1. Residue check: is Gly51 small (Gly, Ala, Ser), touching a Cys at 6+ places or on another chain (Cβ under 7 Å) and open to solvent by less than 60 Å² (accessible area, probe 1.4 Å)?
2. Would you point out the residue of region 54-78, among those that are basic (Lys, Arg) and surrounded by fewer than 15 Cβ atoms within 10 Å (Cβ to Cβ), that is nearest to Val11 (Cα to Cα)?
3. Restricting to helices (runs of 4 or more DSSP H) lying wholly in region 1-95: which have 3 or more residues that are closer than 28 Å to Thr117 by Cα?
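The values are calculated or read from the model by the stated rules, or taken from the named source; none is laboratory data. These figures come from a predicted structure and were not determined experimentally. Don't worry about glycine lacking a Cβ; one is built from the backbone with ideal geometry, like all the others, and counts go over all protein chains shown. Surface accessibility is based on the protein's heavy atoms, side chains included, excluding ligands, DNA and RNA. Shrake-Rupley method; radii C 1.70, N 1.55, O 1.52, S 1.80 Å.
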Amino acid sequence: MHINLESDYAVRIVHHMVHLNARCDARTVAEATGVSLRFALKIMGKLVAAGVVLSFKGAHGGYELARPAAEITLRQVIEAVEGPYHFSRCADGEYTCTHTEAGVCPFYSVFDEVTRTVVEKLDTITFDRIGV
């Protein structure tokens, strides 16, 4: 089990921006992180929408972090591209379980506990703590 490729790239992009510590253009970020420009732009759009990154237009435009690295969590970046984390669709409030016994899913409590554990851990990891 692993995060999807878009989340992996988003983490690498934010990490690069933290260490660059300056406004940068998408092409520079794409080249530095090994992400295609098209995909980097898509990810940057999601990071902007989530309030992780700021976007500036014009001759001196580009992207920069919306707040200090110590205030950006791994969870925020992953959820910016994937949406809310759920270990299983069973733990997603939108899913209707077909494996219920007397109206109770036998897996829900376990999957919900795993979801909460992962989310809590992802919230403790900030980009100032992620090494070079």
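1. Working: small (Gly, Ala, Ser): yes; touching a Cys at 6+ places or on another chain (Cβ under 7 Å): no; open to solvent by less than 60 Å² (accessible area, probe 1.4 Å): yes.
No; evaluated as a whole, the condition is false for this residue.
2. So in region 54-78, the residues basic (Lys, Arg) come out as 57, 67, 75.
If we keep only those that are surrounded by fewer than 15 Cβ atoms within 10 Å (Cβ to Cβ) as well, we get 57, 67.
Values: Lys57: 23, Arg67: 15 Å.
Within region 54-78, the match that is nearest to Val11 (Cα to Cα) is Arg67.
3. Working: elements: 5-20, 26-33, 37-49, 74-82.
Because the criterion is at least 3 residues that are closer than 28 Å to Thr117 by Cα, the helices (runs of 4 or more DSSP H) in region 1-95 that meet it are 5-20, 37-49, 74-82.
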